[in-house]
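The numbers here are math on the coordinates, done by the rules we state, and not lab data. Because the structure is a prediction, the values reported are computed rather than measured. Here the Cβ positions follow ideal geometry from the backbone for every residue, glycine too, while neighbour counts run over all protein chains shown.
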Amino acid sequence: MKKVVLSLLCALCATALFAQSPFVVSPLLDGDNLISFQGTSMSQNRTYACGKESMNEVPAIWNINTNQVISFVVTCNTFDGVVPQPGVFNAINNNGIAVGSLTNLEDYVEYPIMASVDGTITELYRTEEDAGGAAWGITEDGSIIVGFHFDESWTTHPCIWTNNGQTRTDLPVPTTEQMGFAIDYASARWISADGNTILGYGQDFETGQWVATAWRKNGSEYQPLCFASDYFQSMNEEVAPGSNVFFEFEPTSISKNGEWAALRVVQPYDINDWSFMPQSLTARYNFNTGTLEVLNSTYDFAAMECFSIADDGTCAGRMSDVANNGQAFIWMPGQSEASLINDIFPDNDYLQQQEYTAFSSISADAHYVLGYAINTVGDMTTFLANLSEATLGIHDVENGSVTPAIKGTYDLMGRKVETIRNHGIYIIDGKKVIR
């Protein structure tokens, strides 16, 4: 497969090590040029974030250590002349290998790509008959990439790429017997760090509803894991009162250890009652226990979505109102309510200037979050924040990490501090207190 011709644009700032700072923001300007980077995912070593440069809608990588945004610009000929192809990177690993897609504006076909921070961008394998495709996830060692492709009849097929993206294998689509209904479209979207669990979805042939499904590796092959069949209710079926089922049961993320799936769910409602606006809720599913938790928040919102989930089940995402104004949130294990970003970082001057925020990625250990924000004039930036510096996170203190016999005040990471600068949970003389 050929390498795509690439012109590489870099927004360079002064080189410095930013990764250990408690709050890091991507550069907004390269000289007089607006960068407007929107991060969708970050590497687990917190060295890279990927997404798109939203002014030109082109894929981009943010090197957090050097505070450099690299925009990948591939051009094509259109009636308007030579223009950049729009695209996005959806996932990136510790080695700076990102995967995503570009759209060819000559025929409006989306095709899958992988790229590296050194500027190399490569098409993943596709056939002449393909009507498009996209890559969505990558393992930590880069050996497996997941996504989907369209065949000539525009039917989607979930698939994996191996052999540096040059070998493609379709995943088995769950059968009617497994799901309880027929699936006509399917896609793979996220993969665990070790490659053993894949999360994706299929479409109900009768209703067009998208439903979460998964694949687990069995030997050298993947087999469907149809956990959604216990929680999904087709709109064509009568809903029993009080049933723990949902009309929408769409996946949004998988944890790096493959134990958790984050979901967007909508409770059953009368589809003929136009006076009722159903709420989109966040849920998490544990593959080991088979249990589902739904966040029934008391905040005033129209929709919420978890974009990322940590290895302990901590969810990070966004709540939005009917006007689509968004605020980032964290939902931790054992909690019945989420924490909004203004409560997590109440004293952060940068966040006080933002009108819209969202958490797009959380580290496996739930200590760091990647988010993006839009200010009052519409400028977009991406930020990396250390949750151990925030005013939440009693789960950051391990049992026995602070010895009760030692007098003094400690932060959430067990480090001794002279003064309490933020409201939150601290250890004072070996006891947990809230200040």
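Calculate, for Leu340 and Glu237, the FRET efficiency according to 1/(1 + (r/R0)^6) with r their C-beta to C-beta distance and R0 51 Å; round to the nearest 0.05.
The computed FRET efficiency comes out at 0.90.
Using only alpha carbon positions, build the gyration tensor of region 249-347, then give the equivalent ellipsoid semi-axes as the square roots of 5 times its eigenvalues, largest first, whole angstrom.
22, 19, 10
Give, rounded to the nearest 20 debye, the magnitude of the charge dipole that region 11-157 has about its Cα centre when Lys and Arg contribute +1 at Cβ and Asp and Glu contribute -1 at Cβ.
Roughly 740 debye for region 11-157.
Assuming R0 = 35 Å, can you tell me the calculated FRET efficiency for the pair Ala323 and Thr75, based on Cβ-Cβ distance, to the nearest 0.05?
That pair, Ala323 with Thr75, gives E of 0.45.
So between Thr175 and Glu106, what do we pick up on full extension, going 0.36 nm a residue minus the alpha carbon distance?
Result for the pair: 21.2 nm of gain on full extension.
What is the local net charge at Phe301, summed over the other residues whose Cβ is closer than 15 Å to its Cβ (Lys, Arg +1; Asp, Glu -1)?
-3
Binned at 5 Å from 0, what are the whole-percent values of the Cα-Cα distance distribution for region 125-198, short to long?
3, 17, 24, 24, 16, 11, 4, 0
Please give, to one decimal in nm, the separation of the simple spin-label points placed at Asn296 and Gln352, each 7 Å out from Cα toward the Cβ.
Using points 7 Å along Cα→Cβ, the separation is 3.7 nm.
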